[in-house]
Amino acid sequence: MAELTEELSLVKAEEPAVAGTDGKAKPQPKPAAVSAAQPKTAATPPLDVPTGTPTVIVDDLHIIYRVYGAASDAEKGNAVNALTRILRRQGRPQMKEVHAVKGVSFVAYHGDAIGIVGRNGSGKSTLLRAIAGLLPPHSGAVYTDGQPSLLGVNAALMRELTGERNIVLGCYAMGMTPAEVKEKYQEIVDFSGIDEFVQLPMSTYSSGMGARLRFAISSAKTHDVLLIDEALATGDREFRKKSEQRIRKIREEAGTVFLVAHDLRVIEETCNRVIWLHKGKIKMDGDPKEVLAAYNKG
Ligand SMILES: Nc1ncnc2c1ncn2[C@@H]1O[C@H](COP(=O)(O)OP(=O)(O)OP(=O)(O)O)[C@@H](O)[C@H]1O
């Protein structure tokens, strides 16, 4: 570990607070500046907020994916469609648009842990990626106070490297100094529970072990805005309990946490607020018990 830290001390962290993951948001205005531009409120206003100043403002956000070379069902290749296109002098269908987030607005505050629920394809991951600054809005805007860090199931740890190397690299990627990495190393190993596997390449880990290590690395640092996409879903009960405590600690240290998980228990145990997305729109936003009860009803 000591040699590794030394060896890597030459590596300069250029992108602080990336959570060992994949991105960084655009420059963000301070809450005082943005609070004046209060966005339209969500369908149902949150109940258990605010505990502090706004950290994230999502204002009438629309995200559209453009899939090139894709054809809609109506355009798919058959003789009639091909002939129609020839007669209309149109080329092959080139592009399909997927309107994944449709006019979403809400405000998150310091100390909020917000669960995002919704069916497959409702836009949860897209919304998180947009808050992290990884997807440009088609229209509308996202303002964040502080650096959002996205921890996703596919967070950029390297499978061919050992857990040890990934911990060190991940910590550097989050902007820690060599001394901080040394200090945090054992805590990360202990929290992840991967024990002696830390010396083996991550390609030998089960998906649960990989997810636990990613969460342990990312949460070793205090984040202004931590975005977690399903990372806790593969943990066992004991790990979920530990993660819950850590999320609480991040909230106490004045951060804001967003959590996407299909396991509603994780959301209920961890969050003080839940946003229900349906077909790219907010269907409900408020107290976890109320929103989850309505969501479960369908
Ligand atoms: N890279 C992409 N290119 C084109 N369309 C995409 C892309 N990523 C997501 N989509 C589409 O955007 C919509 C929202 O997807 P998204 O992954 O955000 O939903 P989700 O609620 O996170 O789903 P899940 O619960 O299955 O993870 C879906 O219709 C999906 O097919």
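No lab work stands behind these numbers, since they all come straight from the coordinates. The structure displayed is predicted, hence computed values, not measured ones. Here the Cβ positions follow ideal geometry from the backbone for every residue, glycine too, while neighbour counts run over all protein chains shown.
Per-structure values
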{"item": "Förster radius 22 Å - calculated FRET efficiency between Glu160 and Lys96, Cβ distance, rounded to 0.05", "result": "0.05"}
{"item": "Alpha carbon centroid spacing (whole Å) that separates segment 118-134 from segment 190-210", "result": "28 Å"}
{"item": "Long-range HN-HN contacts of Gly103 with modeled amide H, under 5 Å", "result": "Leu61, His62, Ile63"}
{"item": "Cα centre as origin, Lys/Arg/Asp/Glu Cβ charges: segment 108-184 dipole, Debye", "result": "280 debye"}
{"item": "Cα shape, segment 190-298, gyration tensor, a/c 1.5 rule", "result": "prolate"}
{"item": "Entries in Lys184/Lys221; Lys221/Lys249; Lys221/Lys281; Lys102/Lys124; Lys184/Lys242 that, when Cα-Cα distance is taken, lie over 20 Å", "result": "Lys221/Lys281"}
